[in-house]
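The values are calculated or read from the model by the stated rules, or taken from the named source; none is laboratory data. Fair warning: this is a prediction, and the values are worked out from it, not measured in the lab. Cβ atoms come from the backbone with ideal geometry, glycine included; neighbour counts cover every protein chain shown. When the accessible area is computed, the model is the full protein with side chains, heavy atoms only, and any ligands, DNA or RNA have been set aside. Shrake-Rupley method; radii C 1.70, N 1.55, O 1.52, S 1.80 Å.
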Amino acid sequence: MALYLLYESASGYALLEAHGLDEIGQNTEAVRSSVSDLNRFGKVVKLVAFSPFESALDALNQCNSVSEGLMTDELRNFLELNLPKVKDGKKPKFSLGLAEPKIGSHIFEETKIPCQSNEFVLELLRGVRLHFDRFIKDLKQGDLEKAQLGLGHSYSRAKVKFNVNRVDNMVIQAIFLLDTLDKDINSFSMRVREWYSWHFPELVKIVNDNYLYAKVAKFIEERSKLSDDKIPGLTDIIGDEDKAKEIVEAAKASMGQELSPIDLINVQQFAQRVMDLSEYRKKLYDYLVTKMNDIAPNLASLIGEVVGARLISHAGSLTNLAKCPSSTLQILGAEKALFRALKTKGNTPKYGLIFHSSFIGRASARNKGRMARYLANKCSIASRIDCFSESGTTAFGEKLREQVEERLDFYDKGVAPRKNIDVMKAALESTQNKDVEMESEEVPSEVQTKKSKKKKSKSAAEDDETMAEPVTNGEAPEEPKSEKKKKKKEKRKSENELEEGAADGKSNGTNGVDADQDGTTKKKKKKSKAEDGEDLQAASDMKKKKKKNSKSGDE
């Protein structure tokens, strides 16, 4: 069986044929020794075809595809042109030797060309790489080295620039620096306490906080100069007036020794450095929180920024953490205890870095292991969502945190938690609602201005119509208050005049005529009422007759 070798150089693809070789019984040591000799190797391996790259950009694209295990169109055309054709249903009489088995499997899937990658092929390709400049005659001395150098620089630059997985490198560096700063600030603060205690030993018992102690030591300077005038300044630093007075009283009766001005200056400078480091540590923590909310928002909202950053740094990257199963994530950071337990056949650890989470601290002693397993499960889900989702949202992390809280209540009180499917559906609905709100808010400003102009024009037209029309919706417009008042006055005047007229009639003896008139009006009203009653009775009688007729017809 003939063996062809595909060599991907910095200048192009090369196809070589190895003839006169029997792979069966070949010793790799013998091949390795024969590869170094060009006379022996040149008789065995010969160049069949060479396809140079068109440009440096084309070389970079081909190199990227080969490293990812993908066959490009140029490589496919090159192989189909120069290799024997593979007939359907017949076993091919040749094979293609490659350095990368990934691209070999892709070539076989696409073109059915049999590929192999083993120690024998790798040794032959090593010989090709060693003597490649001798196989191609047109290559000048130094051209291949320049092409390799340029391609190497562009390939590494592209990987550093476009590698999305290394964005979390900032989080890893920040959490390492935060841990280092915590240790350094602690040791430096102890050194400040010991140093200044020679001068003012009573201050250690009054001020317990390291940062406040360094601030007070910087403010007091020499103990003998401390008086009641400095009490307001001490209260601003400590926040307690009683403690400030206690410091002043202790300074008056202190057992410490006197320090020279040079020693005091050094103590003050060192205290200032400790204060600066503490302030920088606060800024670094804020930076870590913002980066974690950008890179892994769900993991941060579930377990906290610091614990989440420690998990990412221990795994190496967010992608590696997402690839970890929950059982591995549960004991991240406790590898020594795990292997010691496996070696001594003891109990394996229940938790690693996850132990720093507040959930496990809140669980009872018998439920700590269960809580760690459940929390690791939710952390693995959150890390996978953060790693592979396109848009960053904290909805899933908040829902997962609610699930962990419900599980804590279940262990303590026996309250049944919700199902995972229902919680995830609720999280998906909340994210979709947020997306809809964002889309609705992102309306172009031009459309908004046009709509506002249209509304203004419509409102102006409506105002004109209301001004022109005296009656709207069949209702009479409201009369002015002055006209209403005038009408009321006129009614009152007319009533008063009628009353006066009636009084005059009584006095003149004309009240009989008035009584007759009133009687006639009352009789007319009674007649109208009686007629209405008769009409109603007649209508009811007609209805009753109709009902009786319908019943008799049914019978």
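Here is how the numbers come out for the structure above:
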{"quantity": "Looking only at the stretch 218-242, and only at residues there that are over 25 Å from Q269 (Cβ atoms), in a helix (DSSP H, G or I) and of a type in the set (D, E, K, R), the one that is farthest from the chain's Cα centre (by Cα)", "calculated": "D228"}
{"quantity": "Options K283, K291: the member that is assigned to a helix (DSSP H, G or I) and open to solvent by 60 Å² or more (accessible area, probe 1.4 Å)", "calculated": "K283"}
{"quantity": "Selected residue [within 11 Å of the chain's Cα centre (by Cα) and open to solvent by 50 Å² or more (accessible area, probe 1.4 Å)] from G392, G397", "calculated": "G392"}
{"quantity": "F355 vs. criteria open to solvent by 40 Å² or more (accessible area, probe 1.4 Å), among the aromatic types (F, W, Y) and closer than 24 Å to T180 by Cβ", "calculated": "yes"}
{"quantity": "Close pairs (8 angstrom Cβ cut-off, 6 or more residues apart or separate chains): assigned to a helix (DSSP H, G or I) in the stretch 319-345, among the acidic types (D, E) anywhere", "calculated": "A322/D386"}
{"quantity": "Pair list, Cβ < 8 Å and 6+ apart or interchain, from the stretch 400-418 residues that are over 17 Å from R366 (Cα atoms) to residues that are among the hydroxyl-bearing types (S, T, Y) and open to solvent by less than 60 Å² (accessible area, probe 1.4 Å)", "calculated": "R401/S301"}
{"quantity": "Every residue from the stretch 234-284 that is at pLDDT below 95 and of a type in the set (F, W, Y)", "calculated": "F270"}
{"quantity": "Any pair with Cβ under 7 angstrom, 6 or more apart, that starts in the stretch 216-233 at a residue that is open to solvent by 80 Å² or more (accessible area, probe 1.4 Å) and ends at one that is in a helix (DSSP H, G or I) and of a type outside the set (F, W, Y)", "calculated": "E221/L264; E221/Q268; D228/V248"}
{"quantity": "Restricting the stretch 400-416 to residues that are modelled with pLDDT of 90 or more and in contact with a Phe, Trp or Tyr (Cβ under 7 Å, 6 or more places away or on another chain), the residue that is most open to solvent (accessible area, probe 1.4 Å)", "calculated": "R407"}
{"quantity": "Count of residues meeting criterion [open to solvent by less than 50 Å² (accessible area, probe 1.4 Å), in a helix (DSSP H, G or I) and more than 19 Å from N61 (Cα to Cα)] in the stretch 125-153", "calculated": "5"}
{"quantity": "The stretch 346-366, residues that are more than 23 Å from S313 (Cβ to Cβ) and either touching a residue at least 40 places away in the same chain (Cβ under 8 Å) or in contact with a Ser or Thr (Cβ under 8 Å, 6 or more places away or on another chain) (or both)", "calculated": "R362, A363, S364"}
{"quantity": "Subset of the stretch 265-274 (residues that are surrounded by fewer than 16 Cβ atoms within 10 Å (Cβ to Cβ) and either touching a residue at least 12 places away in the same chain (Cβ under 8 Å) or not assigned by the TED database to the domain that holds R223 (or both))", "calculated": "Q272, R273"}
{"quantity": "Helices (runs of 4 or more DSSP H) completely within the stretch 28-82 that count 3 or more residues being farther than 25 Å from E119 by Cβ and either open to solvent by 60 Å² or more (accessible area, probe 1.4 Å) or hydroxyl-bearing (S, T, Y) (or both)", "calculated": "56-67, 73-82"}
{"quantity": "Those residues of the stretch 362-372 which are touching a helix residue (DSSP H, G or I) at 6+ places or on another chain (Cβ under 8 Å) and more than 16 Å from E402 (Cα to Cα), in sequence order", "calculated": "S364, N367, K368, R370"}
{"quantity": "Residue within the stretch 254-261 that is within 44 Å of the chain's Cα centre (by Cα) and in contact (Cβ under 8 Å) with a residue 24 or more places away in the chain present", "calculated": "no"}
{"quantity": "Qualifying residue in the stretch 331-350 (condition: surrounded by 22 or more Cβ atoms within 10 Å (Cβ to Cβ) and out of contact with any Phe, Trp or Tyr (no Cβ under 9 Å at 6 or more places or on another chain))", "calculated": "no"}
{"quantity": "Count of residues meeting criterion [free of Cβ contacts under 8 Å to residues at least 40 places away in the same chain and open to solvent by 40 Å² or more (accessible area, probe 1.4 Å)] in the stretch 294-318", "calculated": "2"}
{"quantity": "Search result, residues across the stretch 314-358 that are closer than 19 Å to I172 by Cα and of a type in the set (K, R)", "calculated": "K323"}
{"quantity": "Within the stretch 83-99, tally of residues that are outside any loop (DSSP other than H, G, I, E, B) and either open to solvent by 50 Å² or more (accessible area, probe 1.4 Å) or without any contact (Cβ under 8 Å) to a residue 12 or more places away in the chain (or both)", "calculated": "0"}
{"quantity": "Residue check, E202 open to solvent by 20 Å² or more (accessible area, probe 1.4 Å) and either modelled with pLDDT of 90 or more or under 30 Å from D182 (Cβ atoms) (or both)", "calculated": "yes"}
